[in-house]
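Each reported figure results from applying straightforward, stated rules to the coordinates on display, with no laboratory input. Quantities reported herein were computed from a predicted structural model and do not represent experimental measurements. Here Cβ is always computed from backbone atoms with ideal geometry, including for glycine, and neighbour counts include all displayed protein chains.
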Amino acid sequence: MAIKKPSGDFFSLPTEASRRKQRIVVKYHAAWSQVLRSRTNSPAKIRQNLAYVDLFAGPGKYGDQSLSTPLLIIEAAARDPYMREHLLTRFNEGDPALEDMLEKNIAESEAAKQLRHPPKVTCARVEEDILREIGGIPPCPTLLFADPWGYKGLSVDLLSKFLRPFGNDLIFFFNYNRISSGLNCSLFDETIDKVFGTQVATALRARIALQKVKGPEKERLIVDAVGEAFSPFGAQTPVYYPFHAKGRLSHHLMFISKAPLGNEIMKGVMAGESTRGTFGFDEATETQPLLFPDLNIEELGRDLLQRFAGQTVSFSDIGVHKHAQLGIPAHKKAIQLLERQGEVVVLSYEKARRLTAHGISVPDDAILVFSKGDARGTEDPN
Ligand SMILES: C[S@@+](CC[C@H](N)C(=O)[O-])C[C@H]1O[C@@H](n2cnc3c(N)ncnc32)[C@H](O)[C@@H]1O
């Protein structure tokens with residue numbers, strides 16, 4: 001049976017939502033590999049390699065020639081000497097025409113040629129025997145990415161096999177909208193049972209019917225059920241990034257890891273890719289004009305870095321300079337942005353730092369250590 005396609009031309013131009021999804025996967029992959037390589041550099045040199053598996057890979061490029069996730073992962077690996085030597089990649093795409101394009105795009109990629117282990121591409125439908133088709137689970141820590149259209153092919157049974165080995169994490173696109181509607185209709189019981197496993201799906205349907213929940217409460221029950229389905233395999237609570245479109249929740253990018261550190265890293269990555277004032281992506285917020293169109297957060301960050309390059313100052317010292325009209329929250333967001341860019345270190349002795357939509361919170365008592373930045377041409381802050 002041919003692969004079902006969504007309406008519209010998905011691969012002609014990336015949407016902003018697709019770009020966010022790609023950046024989250026690529027950034028997490030880079031951070032995750034840093035953590036694991038320091039462990040694999042032990043004198044015993046066990047498990048030197050790291051792997052990335054994408055079960056629904058697509059063609060690798062959009063019609064405008066911009067790169068999609070498979071080639072972004074390959075390019076990032078080629079820039080990193082450790083990953084060039086140690087990354088194993090497996091890409092599966094079920095549509096033969098798209099798989100041909102992926103093979104061609106990889107063959108033409110200079111970055112792919114630099115990898116010691118050439119990427120492996122397969123063309124198989126994601127079903128029960130997919131593991132055999134792709135040559136099994138790689139024998140080293142693996143990040144699995146599963147980004148289907150709809151939710152057919154996604155199942156806890158399959159994903160949990162990837163989750164079990166040491167160092168393995170899962171990122172999958174969870175079609176909240178369709179799964180949520182499917183839970184209300186007995187025609188979809190069998191497919192939904194495959195997603196969550198029969199026991200968890202049955203309990204979830206019962207809870208939804210009993211509590212008659214809708215909106216955020218239903219969302220909470222569904223996300224909890226995902227956590228429940230993976231917890232027998234040692235998973236932490238899922239970390240998820242919601243995508244809102246046309247005023248409603250459409251998808252979640254779900255992250256499942258056995259490692260608390262994995263969860264913390266992913267929360268930071270997702271916060272960094274969130275739209276203003278929210279955790280996740282909201283099409284509506286994204287298209288709203290900036291509150292201060294003449295000075296956005298990025299510019300404010302650049303300005304602060306120029307003014308305070310190489311200095312250690314308290315947060316209260318910076319809040320009163322010439323952009324004071326932007327207010328404390330905008331200054332905190334700019335500091336969070338600089339922190340993500342590695343341009344400032346935030347120290348707080350009194351108050352604990354919390355996760356917010358824009359990164360880890362900047363308490364009022366924080367001490368900021370600014371990098372030297374590009375100090376040339378810096379104005380005197382006084
Ligand atoms: C959302 S797209 C993937 C996009 C890709 N992750 C990216 O970033 O460019 C989903 C892909 O999965 C493929 N696909 C859909 N159902 C499949 C199945 N059952 N088995 C394998 N591939 C499938 C589609 O042909 C499509 O290319």
Of all trypsin sites (Lys or Arg not before Pro) in region 186-279, the ones in DSSP coil with at most 15 other Cβ atoms within 10 Å are LYS212, LYS214, LYS246, ARG276
Average projection area in nm² (convex hull over Cα atoms of region 74-116, one quarter of hull surface):
2.9 nm²
Cα pair distances exceeding 27 angstrom across region 8-282, given as percent:
38 percent
Helix 297-308 against the longest principal axis of the chain: what's the angle in degrees, Cα atoms only, rounded to the nearest 10?
40 degrees
Sort ASP64, ASP282 so the one with the fewest other Cβ atoms within 10 Å of its own Cβ comes first.
ASP64, ASP282
Under-5 Å amide H pairs with LYS61, H placed in peptide plane, nonlocal only
SER68
Over 18 Å between C-alpha atoms is what I'm after, so list which of LYS21/LYS194; LYS21/LYS267; LYS61/LYS104; LYS161/LYS194; LYS21/LYS161; LYS120/LYS258 land there.
LYS21/LYS194; LYS21/LYS161; LYS120/LYS258
Using Cα pairs closer than 8 Å and at least 6 residues apart in sequence, work out the relative contact order for the chain, in percent.
12 percent
To make sure I understand, if each residue's beta carbon is the centre and we count other beta carbons within 10 Å, what order do ASP169, ASP9 fall in, fewest to most?
ASP9, ASP169
How large is ³J(HN,Hα) for each residue in region 256-270, as worked out from phi by the Karplus curve 6.51 cos²θ - 1.76 cosθ + 1.60 (θ = phi - 60°), to whole Hz, x for Gly and Pro?
10, 9, 8, 9, x, 5, x, 4, 5, 4, 5, 4, x, 5, 5
Based on other C-beta atoms within 10 Å, arrange TRP149, TRP32 from fewest to most.
TRP149, TRP32
Output ³J(HN,Hα) for region 103-109: one whole-Hz value per residue in order, computed from phi by the Karplus curve 6.51 cos²θ - 1.76 cosθ + 1.60 with θ = phi - 60°, and x for Gly and Pro.
4, 5, 5, 6, 4, 8, 7
Cβ-based net charge around LYS104, under 13 Å, with every Lys or Arg adding one and every Asp or Glu removing one
-4
Do the sum for the chain: with -39,500 (n - 2.57) for every DSSP H run of n ≥ 4, divided by all residues, what is the mean residue ellipticity at 222 nm, to the nearest 500 deg cm²/dmol?
-12500 deg cm²/dmol
